[in-house]
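The values are calculated or read from the model by the stated rules, or taken from the named source; none is laboratory data. Owing to the predicted nature of the structure, the values given are computational and were not obtained by experimental measurement. Cβ atoms come from the backbone with ideal geometry, glycine included; neighbour counts cover every protein chain shown.
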Amino acid sequence: MGNKENGRFVNLDPAVRPQFNKVFQWAVLDRLSGKRRKTPPHAHVDVVQDPEPPSVQDIGAMWLGHATALISIAGLRILTDPVFARNLGLIRRNVPVVLPVEALPHVDVVLISHNHRDHLDRASIKAVEARFKPHFVVPLEVDRHLRAWKVPVQRITTLGWWQDARPIAKAPHLNFTCVPAQHWSQRLIADRNQTLWGGFVLEADGKRVYFAGDSGYFDGFAQIGQRHPNIDLALIPIGAYDPEWFMSPQHMNPDEAGQAFVDLGAKQMISIHWGTYKLTDEPMDEPPRRLSDWMTRVKMEEGRIWTLPVGGRVVL
């Protein structure tokens, strides 16, 4: 369901939680003292112009930047963590929005992994809701944000860890399972960890697609693979990891993302959560290079791990 302590959600390992003193050290003290790694605010990331989304008859996914992807399975299109904002506060988007909401094909379902603003963007949600009236599948208590933004409760399914549902009438065989992630939640000063975070496994017609959302490396990946064997396609974050002394409990580096893919026992992987918004100190184009180096070291087979251009897609 989602573990709680004192009314707030905690990770599978309750000791893993954000600490304000570390946030202050990284964001303020290390910046003032010059200890933070200095890297450019932007970098080149390949982009597909006028991308063609997968057909609803396919099983696959298109990466739209950061953790936003368009998954096709069971004759439906599922949009993950839709963020089309050109700015997140003072952070400018590094790549263009290749498929703005008005250019998207019909979206049947929206998955939200957690309530951080780079995964749950009010303007993007309201635009997607206005155009498509999709069903939303979210972790526990994340629905409070959607309801505040006038999404009808009848089109929201909330799930705890390991809970599943088949809420789509025109695809009753499509099963959604919320699975653990190692992360945290917060939108306001006083609401830390009052909403749950997680990933999702989608299953239909003998095929499985996993969307990790946002997570540090943890034993839960092996548990997910054991409970949902033979995942066909996994969307796994590879960026926002530097400095690792601070970021590792909540964000994986590329080596850890590769190991998570191995732990899951998945067949193919798409790299997400990199190259779009500069949230941490590594160069924005470093994550795919590090992932490529890891693949070489472990002798990963060709055609299993994809680092796509924005607008790129994989069809199974």
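May I ask you to list the residues in the range 9-43 that are under 13 Å from His183 (Cα atoms) and either touching a residue at least 60 places away in the same chain (Cβ under 8 Å) or among the polar types (S, T, N, Q) (or both)?
Phe9, Val10, Asn11, Leu12, Asp13, Val16, Arg17, Pro18, Gln19 - these are the residues of the range 9-43 that are under 13 Å from His183 (Cα atoms) and either touching a residue at least 60 places away in the same chain (Cβ under 8 Å) or among the polar types (S, T, N, Q) (or both).
For residues in the range 246-273 being more than 15 Å from Thr307 (Cα to Cα) and hydrophobic (A, V, I, L, M, F, W, C), which is modelled with the lowest pLDDT?
Filtering first and then ranking leaves Phe246.
Scan the range 23-39 and tell me whether some residue there is assigned to a strand (DSSP E or B), of a type in the set (A, V, I, L, M) and surrounded by fewer than 18 Cβ atoms within 10 Å (Cβ to Cβ).
No, the range 23-39 contains no residue that is assigned to a strand (DSSP E or B), of a type in the set (A, V, I, L, M) and surrounded by fewer than 18 Cβ atoms within 10 Å (Cβ to Cβ).
Listed residues Asp50, Asp108; which is farther than 19 Å from Lys278 by Cβ, charged (D, E, K, R) and modelled with pLDDT of 95 or more?
On inspection, the qualifying residue turns out to be Asp108.
Need the failing condition index for Trp197 against (1) closer than 16 Å to Leu76 by Cα; (2) surrounded by 24 or more Cβ atoms within 10 Å (Cβ to Cβ), just the number.
With (1) closer than 16 Å to Leu76 by Cα; (2) surrounded by 24 or more Cβ atoms within 10 Å (Cβ to Cβ) applied to Trp197, the lone miss is (1).
List pairs: first residue in the range 214-240 and under 19 Å from Trp294 (Cβ atoms), second residue among the hydroxyl-bearing types (Ser, Thr, Tyr) and assigned to a loop (DSSP other than H, G, I, E, B) anywhere in the structure, Cβ distance under 7 angstrom, at least six positions apart or on different chains.
From the range 214-240, the pairs are Gly216/Ser248; Pro237/Ser215; Ala240/Thr280.
For the subset of the range 270-314 comprising residues that are outside any helix (DSSP H, G or I) and of a type in the set (Ser, Thr, Tyr), which member is surrounded by the fewest Cβ atoms within 10 Å (Cβ to Cβ)?
Thr280
Any idea which residue in the range 69-84 is nearest to His114 (Cα to Cα), counting only those that are hydrophobic (A, V, I, L, M, F, W, C) and in contact with a Phe, Trp or Tyr (Cβ under 9 Å, 6 or more places away or on another chain)?
Val83
Within the range 83-96, is there a residue that is touching a helix residue (DSSP H, G or I) at 6+ places or on another chain (Cβ under 9 Å) and without any contact (Cβ under 8 Å) to a residue 40 or more places away in the chain?
Scanning the range 83-96, I find at least one residue that is touching a helix residue (DSSP H, G or I) at 6+ places or on another chain (Cβ under 9 Å) and without any contact (Cβ under 8 Å) to a residue 40 or more places away in the chain, so the answer is yes.
For Val137, are the conditions met, namely being over 14 Å from Asn3 (Cβ atoms), touching a helix residue (DSSP H, G or I) at 6+ places or on another chain (Cβ under 6 Å) and of a type outside the set (Asp, Glu)?
So Val137 fails the test.
Kindly indicate whether Asp58 is among the charged types (D, E, K, R) and closer than 16 Å to Tyr277 by Cβ.
no
Please work out if Ala240 is closer than 22 Å to Ala15 by Cβ, in contact with a Ser or Thr (Cβ under 6 Å, 6 or more places away or on another chain) and not β-branched (Val, Ile, Thr).
In short, yes.
Give the residue that is farthest from Asp30 (Cα to Cα), with candidates limited to residues of the range 205-234 that are surrounded by fewer than 24 Cβ atoms within 10 Å (Cβ to Cβ) and hydrophobic (A, V, I, L, M, F, W, C).
By that ranking, first place goes to Ile231.
Given the condition over 25 Å from Ile305 (Cβ atoms) and of a type in the set (A, V, I, L, M, F, W, C), answer yes or no: does some residue in the range 172-179 qualify?
yes
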